[in-house]
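Chemist: Below is one structure. I have some questions about it.
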Amino acid sequence: QVQLVESGGRLVQAGGSLRLSCAASGRTFSSYTMGWFRQAPGKEREFVLAITWSGGSTYYKDSVKGRFTISRDNAKNTVYLQMSSLKPEDTAVYYCAAATLPIATLTSQYVYWGQGTQVTVSS
């Protein structure tokens, strides 16, 4: 069992930067692929980024490449989402999630989810 708690979401101006954190409970955090998803009002939840258990590989949604970075600190049981050059279309609730598969980019592949944190980008 893994419990995930996101933090760091807030209102930010377009072009700004923000770092989200996701703290995980459980001693097996380092064995999970971790992902970030987002859900805008009226839209389906979508994949944003993922990082493998070792941090050796990362996967990105095309629209965030070059702007968003995912990283993890297994010693702290935390995964991070660094966002820069934010756009109004990045406005959404951001969720972190854990998957047992080595590569996971689909919502259905993730077994544990946080409660989400709101990111609002003003124009």
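Chemist: May I ask you to list the residues in the stretch 57-76 that are open to solvent by less than 40 Å² (accessible area, probe 1.4 Å) and either of a type in the set (A, V, I, L, M) or farther than 25 Å from G15 by Cβ (or both)?
Modeler: Passing the criteria: V64, I70, R72.
Chemist: Go through the residues of the stretch 111-119 one by one and say whether even a single one is over 12 Å from L4 (Cβ atoms), modelled with pLDDT of 95 or more and in contact with a strand residue (DSSP E or B) (Cβ under 6 Å, 6 or more places away or on another chain).
Modeler: yes
Chemist: So, one more: Would you call G26 on the phi > 0 side of the Ramachandran plot and within 14 Å of the chain's Cα centre (by Cα)?
Modeler: No: the conditions fail for G26.
Chemist: Go through the stretch 30-46 residue by residue and tally those that are over 19 Å from V121 (Cβ atoms) and either without any contact (Cβ under 8 Å) to a residue 24 or more places away in the chain or open to solvent by 10 Å² or more (accessible area, probe 1.4 Å) (or both).
Modeler: Result for the stretch 30-46: 4.
Chemist: What number of residues in the stretch 1-29 are more than 12 Å from T117 (Cβ to Cβ) and open to solvent by less than 50 Å² (accessible area, probe 1.4 Å)?
Modeler: Within the stretch 1-29, residues that are more than 12 Å from T117 (Cβ to Cβ) and open to solvent by less than 50 Å² (accessible area, probe 1.4 Å) number 7.
Chemist: What are the residue pairs meeting all of these: first residue in the stretch 99-110, first residue within 18 Å of G26 (Cβ to Cβ), second residue open to solvent by 90 Å² or more (accessible area, probe 1.4 Å) and outside any loop (DSSP other than H, G, I, E, B), Cβ atoms under 7 Å, and 6 or more apart or on different chains?
Modeler: Short answer, once both residue conditions are applied: none.
Chemist: I'm told S71 meets every condition in (1) in contact (Cβ under 8 Å) with a residue 24 or more places away in the chain; (2) assigned to a strand (DSSP E or B) except one. Can you identify the failing condition by its number?
Modeler: (1)
Chemist: While we're on this one: Looking at G42, is it small (G, A, S), assigned to a loop (DSSP other than H, G, I, E, B), in contact with a strand residue (DSSP E or B) (Cβ under 8 Å, 6 or more places away or on another chain) and on the phi > 0 side of the Ramachandran plot?
Modeler: no
Chemist: Condition check: assigned to a loop (DSSP other than H, G, I, E, B), surrounded by fewer than 21 Cβ atoms within 10 Å (Cβ to Cβ) and over 12 Å from the mean Cα position of the chain (by Cα). Does S54 satisfy that?
Modeler: Yes; evaluated as a whole, the condition is true for this residue.
Chemist: Right, next: The conditions are (1) outside any strand (DSSP E or B); (2) more than 20 Å from S123 (Cα to Cα), and L49 fails exactly one of them. Which is it?
Modeler: Failed condition: (1).
Chemist: Scan the stretch 80-97 and give yes if some residue there is among the β-branched types (V, I, T), open to solvent by less than 10 Å² (accessible area, probe 1.4 Å), at negative phi and assigned to a strand (DSSP E or B), otherwise no.
Modeler: There is no residue in the stretch 80-97 that is among the β-branched types (V, I, T), open to solvent by less than 10 Å² (accessible area, probe 1.4 Å), at negative phi and assigned to a strand (DSSP E or B).
The values are calculated or read from the model by the stated rules, or taken from the named source; none is laboratory data. What you see is a predicted model, and the numbers here were worked out from it, not measured in a lab. When we count neighbours, we look across all protein chains shown, and the Cβ atoms used for this are built from the backbone with ideal geometry, even at glycine. Remember, those area values only see protein heavy atoms, side chains included, never the ligands or the DNA or RNA. Shrake-Rupley method; radii C 1.70, N 1.55, O 1.52, S 1.80 Å.
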